[in-house]
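First the structure, in the form of C-alpha cells, and then the observations on it.
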Amino acid sequence: MVEISRRQAIEEVASDLFRERGYAATSIRDIARALSLQGASLYAHVTSKEDVLWAIVDRAASRFEAAADQAQREAEARRPGDPAEAVAALVRAHVEVLTGDVDEASVFVHEWRALGQERRSVILARRDAYEARFRRCIEDGIAVGAFEMTDPAIAAATLLGAINGVATWYDPSGRLPAGRIADHLVDLSLRMLSSQS
C-alpha cells in the first residue's frame, strides 16, 4: 500500500468537503476533524484554507491542460486537420479528467471563484486559454463546412458548460462507466455542431 503525504491527505479530504459543502461552508476545523487532527496542527502543513483550494484548483487545471495537449497531438496523428476528430478528442480528454478524480474536478469547476483576486485571475486566464482550444477547433470546422455556422465562442462555452455538469452527477459506481459517458458526450457534442448539409 502506498502511503500518502499529510499534505496530500489534507488536499484529498478538503476536495471531498469542498465538493460536498462548498468552499465557503467548509472550515479549517472541518478539514482537521475529518483527519482526526487539531485545527492548529493543520497549520503545520498548510498556511490557509485558500492555499489548500489553490493547490487543488492549480493541480486540476494542469491535469485538464496536459490531457488536452495529449488529445490534440493524438487526434492530429490519427486524422490530420480533421476538426471533428479534434473536438471529439478534446471532449473525451475533458471527461476523462472529470471522472478520474471527481472531487478535485468538481472543486475546480465550482469553487475556483473563491480564490483571492490574483489567483482567480491566473485561473481565469488558464480557463480562457483552455476554452480557446475548443473554439479554434469549432472555427476550423465551420471553415471547412464540417460544422454549422454559429458563434464559436458561444458553442465552446456551451459544450464545456454541459460537459462540466459531469462533475456534479458522476458516480463511479453508477450505471455507465466513464468511457461510455465520454462516448455519449462526444456523440452529443458532434451532433450539436455538425452541418446537416
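The values are calculated or read from the model by the stated rules, or taken from the named source; none is laboratory data. The model shown is predicted, which means the values in this text are computed figures rather than measured ones. For neighbour counting, all protein chains shown are included, and Cβ atoms are generated from backbone atoms with ideal geometry for every residue, glycine included. Accessible surface is based on the protein model in full, side chains and every heavy atom, while ligands, DNA and RNA are left aside. Shrake-Rupley method; radii C 1.70, N 1.55, O 1.52, S 1.80 Å.
Taken together, 58, 82 contain a single residue that is over 23 Å from residue 125 (Cβ atoms) and open to solvent by less than 60 Å² (accessible area, probe 1.4 Å), which is 82. In this entry, residue 156 passes the filter for residues that are touching an Asp or Glu at 6+ places or on another chain (Cβ under 8 Å) and either among the small types (Gly, Ala, Ser) or surrounded by 12 or more Cβ atoms within 10 Å (Cβ to Cβ) (or both). For the range 90-143, a residue qualifies if it is surrounded by 15 or more Cβ atoms within 10 Å (Cβ to Cβ) and not in a helix (DSSP H, G or I), and the qualifying residues are 101, 115.
Can you tell me which residue among 139, 131 is without any contact (Cβ under 8 Å) to a residue 40 or more places away in the chain and closer than 20 Å to residue 98 by Cβ?
131
Looking only at residues in the range 163-175 that are at pLDDT below 95 and of a type in the set (A, V, I, L, M, F, W, C), which one is least open to solvent (accessible area, probe 1.4 Å)? Ranking the qualifying residues of the range 163-175, first place goes to 167. Touching a residue at least 24 places away in the same chain (Cβ under 8 Å) and open to solvent by less than 50 Å² (accessible area, probe 1.4 Å): is that true of residue 146 in this structure? Judged against the criteria, residue 146 is a match. Total residues in the range 14-31 satisfying the condition of being under 21 Å from residue 106 (Cα atoms) and assigned to a helix (DSSP H, G or I): the figure is 11.
Is there a residue being in a helix (DSSP H, G or I), within 30 Å of residue 190 (Cβ to Cβ) and among the polar types (S, T, N, Q) anywhere in the range 40-58? No, the range 40-58 contains no residue that is in a helix (DSSP H, G or I), within 30 Å of residue 190 (Cβ to Cβ) and among the polar types (S, T, N, Q).
Within the range 24-42, if we keep just the residues that are among the hydroxyl-bearing types (Ser, Thr, Tyr) and surrounded by 13 or more Cβ atoms within 10 Å (Cβ to Cβ), the residue that is nearest to residue 164 (Cα to Cα) turns out to be 26.
Taking each residue of the range 41-53 that is over 12 Å from residue 11 (Cβ atoms) and looking for partners that are open to solvent by 50 Å² or more (accessible area, probe 1.4 Å) and part of a helix (DSSP H, G or I) with beta-carbon atoms closer than 8 Å, six or more apart or interchain, yields 50/119.
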